[in-house]
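Written below as structure tokens is the structure these notes are about.
The values are calculated or read from the model by the stated rules, or taken from the named source; none is laboratory data. In this text the structure is predicted, and so the values were computed from the model without any measurement. All Cβ positions, glycine included, derive from the backbone under ideal geometry; neighbour counts span all protein chains shown.
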Amino acid sequence: MSLNLDYTTISVQARLLAEGEVTPTELIEHMLGRIELYDPRLRSHITVLADRARAAAELATKRLRAGLRVGPLHGIPFGVKDQLLTEGILTTLGSKVMADFVPIETATVITRLEAAGAILIGKHNLHELGKGGTVRFPYGYPRNPWNLHHSSSSSSNGSGVAVAAGLNTFAIGEDTGGSIRGPAAAMNLVGLRPTYGRVSRHGGVMFGWMADTLGPMTLSVEDAALVLQVIAGHDPKDALSSKRPVPDYAAALTGDLRGVRVGLVTELTWVEGIHPAVAEAMRDSVEVFRELGAVVEEVSLPATRSTGPLTSATTDVDVSSVAVRRWLKDRWYDLDIATRTRLAAAAIVPGSIRTRAMRLRSIVRQQVLRVLERYDVLLSPGNLEPPTRLSSGDADPSAEVKSAVPSRHTARPFAIANTPTIVVPAGFSDNGLPVSLQLAGRLFDEPTVLRVAHAYEQATTWHRRHPDLGANIAAFTMSEGGDKE
Amino acid sequence: MKLGVEQVRAMAAAIGLQVPADELPLVAERLNGIIAGIEAIEQDYGPELDYVDPVPSVVVDEEALR
């Protein structure tokens, strides 16, 4: 095999596999080789399933030789945030409190992906319990491959690192308030938060029950469509999954945006603190959308300015309702200081305040959905700034707790509205760090969100850039910067 | 309104949670941050909040819940 498989997408790998240019075994060995070479520094995986993946790849190779392709993802390597249950395989939630937990069942999304031929290669590092803000990572800090001194963002960060570094072809992340989209934005990936109910939550550890959503993290919009096609649809094991038919997502990627109405959200874009590179990317994106035939207008969503405390006062309270009994009472010091103090505070939020916060969530949702009656998608930055530089590992943990709560100004409103929302690469800062844009659509209208994102992606080249891992790791190793491990 | 450390200790004790003394200030700071955030929202949306239902934005399949 002399092909360069680095950073190849699902669609490219599927073609190479179908044409016999590469075998599933060669593809898995390629990924395992990269994991072995780079992951000791990047720390994207908690568990690497080398033997299991090799066995699956061997079977997939035999089947292909016999002319059998079991599904659209036959032979494609993927990983999952270690928040998803895997029968007989360690599932840690990135926490010492789950360090020995081996489930007896497997998450539905994994079952569906494997039935479509994909090969699970590993389970990814994450913010503790999948809820963000972790200061001390029990399995090491997942390093942003674009610059290892900079943040890899919120809780699905290990999954983002694995894909951005070309260690997995795609990943499944989980988004409560922005945790798929944050890492995607920080590492030049596509990250899709589907409509709540579109993808089964069964077998995910989803204590933030009313917002936790599973979705793909990929190198292209087409790949996100391919993965969503496999994982979407009703699951009898998840009573809150929708019975709506699953449309053909790839068929929506027409490239045609004529007549599409794009609303640029003022309160999420032209705000104090927006980085010049992000502002430039947003201005440029408006031009791109207009050149593609879309109508772009600015729209106002005033309630989106007020979403800051809503996660703490609602979904964190839901998580704490489990955490108090299981861990906070007896295993306080086994949790990270940020996790334990955050959940302790959430556990004693007065009920009346929680209900007021729930009422505001309704107002935010109503505003978003009302505006979406006039616009096909809403446009905003994926994040207001490129990934920030990490503080030194010697810093006072209390001070770090205060600074570690990720800014989710642009992500949170659409998690609250539970709209399908995607992040797409949109440029780079002067120092080579990714910036992105975000598109949100009507409930269950993933086809339009994917269509608009795909057209933008194909009209630009940002998604084709990938980090120089060797150089970036060498620079990090030679420096004396703080190591957050 | 800002809650003090002793008040936060008592609130935690009400649910059987003993927060170590050296971390009570951090828990108090976080809780006060949440309360202050909601108070700020009340300034803008207080009356409106009284007239909207606090419904989670989930898709419920009622048959499946039976």
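Quick look at the numbers
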{"quantity": "Given (1) touching a residue at least 40 places away in the same chain (Cβ under 8 Å); (2) within 11 Å of chain B (Cβ to nearest Cβ); (3) farther than 30 Å from residue B:12 by Cβ, number of the condition residue A:307 does not satisfy", "calculated": "(3)"}
{"quantity": "Residue, surrounded by the most Cβ atoms within 10 Å (Cβ to Cβ), within the range A:363-377, restricted to residues that are in contact with a Gly (Cβ under 7 Å, 6 or more places away or on another chain) and not in a loop (DSSP other than H, G, I, E, B)", "calculated": "A:377"}
{"quantity": "Selection status of residue A:312, within 23 Å of residue A:193 (Cβ to Cβ), within 12 Å of chain B (Cβ to nearest Cβ), among the hydroxyl-bearing types (Ser, Thr, Tyr) and in a helix (DSSP H, G or I)", "calculated": "yes"}
{"quantity": "Residues of the range A:327-351 satisfying the condition of being of a type outside the set (A, V, I, L, M, F, W, C) and either at pLDDT below 95 or assigned to a loop (DSSP other than H, G, I, E, B) (or both)", "calculated": "A:329, A:330, A:331, A:336, A:350"}
{"quantity": "For residue A:427: the one exception among (1) touching a helix residue (DSSP H, G or I) at 6+ places or on another chain (Cβ under 8 Å); (2) assigned to a helix (DSSP H, G or I); (3) surrounded by fewer than 24 Cβ atoms within 10 Å (Cβ to Cβ)", "calculated": "(2)"}
{"quantity": "Tally, over the range A:320-337, of residues that are touching a Lys or Arg at 6+ places or on another chain (Cβ under 7 Å), surrounded by 24 or more Cβ atoms within 10 Å (Cβ to Cβ) and more than 8 Å from every other protein chain (Cβ to nearest Cβ)", "calculated": "1"}
{"quantity": "Any hit, the range A:338-355, residues being more than 25 Å from residue B:7 (Cβ to Cβ), buried (at least 20 other Cβ atoms within 10 Å of the Cβ), free of Cβ contacts under 8 Å to residues at least 60 places away in the same chain and within 10 Å of chain B (Cβ to nearest Cβ)", "calculated": "no"}
{"quantity": "Which numbered condition residue A:361 fails, given (1) farther than 20 Å from residue A:131 by Cβ; (2) at the interface with another protein chain (Cβ under 10 Å from one of its Cβ atoms)", "calculated": "(1)"}
{"quantity": "Which listed residue, of A:160, A:140, is at pLDDT 95 or above and within 24 Å of residue A:230 (Cβ to Cβ)", "calculated": "A:160"}
{"quantity": "Criterion violated by residue A:295 - all others in (1) surrounded by 16 or more Cβ atoms within 10 Å (Cβ to Cβ); (2) hydrophobic (A, V, I, L, M, F, W, C); (3) out of contact with any Leu (no Cβ under 6 Å at 6 or more places or on another chain) satisfied", "calculated": "(1)"}
{"quantity": "Residue within the range A:177-192 that is buried (at least 24 other Cβ atoms within 10 Å of the Cβ), in a loop (DSSP other than H, G, I, E, B) and within 14 Å of chain B (Cβ to nearest Cβ) present", "calculated": "yes"}
{"quantity": "So residue A:200, is it of a type in the set (Ser, Thr, Tyr), within 11 Å of the chain's Cα centre (by Cα) and surrounded by 24 or more Cβ atoms within 10 Å (Cβ to Cβ)", "calculated": "no"}
{"quantity": "Elements of type helices (runs of 4 or more DSSP H) in the range A:1-115, at least 3 residues being touching a helix residue (DSSP H, G or I) at 6+ places or on another chain (Cβ under 6 Å), buried (at least 19 other Cβ atoms within 10 Å of the Cβ) and of a type in the set (Lys, Arg)", "calculated": "none"}
{"quantity": "Single residue of B:42, B:23, B:6, B:29 found to be over 23 Å from residue A:330 (Cβ atoms), facing chain A (nearest Cβ under 8 Å), surrounded by fewer than 21 Cβ atoms within 10 Å (Cβ to Cβ) and at pLDDT 95 or above", "calculated": "B:29"}
{"quantity": "Complete set of residues in the range A:287-301 that are more than 15 Å from residue A:410 (Cβ to Cβ), touching a residue at least 60 places away in the same chain (Cβ under 8 Å) and not in a loop (DSSP other than H, G, I, E, B)", "calculated": "A:288, A:289, A:291, A:296, A:297"}
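Table: residues versus (1) out of contact with any Pro (no Cβ under 6 Å at 6 or more places or on another chain); (2) farther than 16 Å from residue A:217 by Cβ; (3) modelled with pLDDT of 95 or more.
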{"residue": "A:121", "(1), (2), (3)": "no, no, yes"}
{"residue": "A:133", "(1), (2), (3)": "yes, yes, no"}
{"residue": "A:149", "(1), (2), (3)": "yes, yes, yes"}
{"residue": "A:166", "(1), (2), (3)": "yes, no, yes"}
{"residue": "A:174", "(1), (2), (3)": "yes, no, yes"}
{"residue": "A:185", "(1), (2), (3)": "yes, no, yes"}
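Listed here are the residues, each with its yes/no results for (1) in contact with a Cys (Cβ under 8 Å, 6 or more places away or on another chain); (2) farther than 21 Å from residue A:411 by Cα; (3) surrounded by fewer than 24 Cβ atoms within 10 Å (Cβ to Cβ).
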{"residue": "A:129", "(1), (2), (3)": "no, no, no"}
{"residue": "A:140", "(1), (2), (3)": "no, yes, yes"}
{"residue": "A:143", "(1), (2), (3)": "no, yes, no"}
{"residue": "A:159", "(1), (2), (3)": "no, no, no"}
{"residue": "A:164", "(1), (2), (3)": "no, no, no"}
{"residue": "A:168", "(1), (2), (3)": "no, yes, no"}
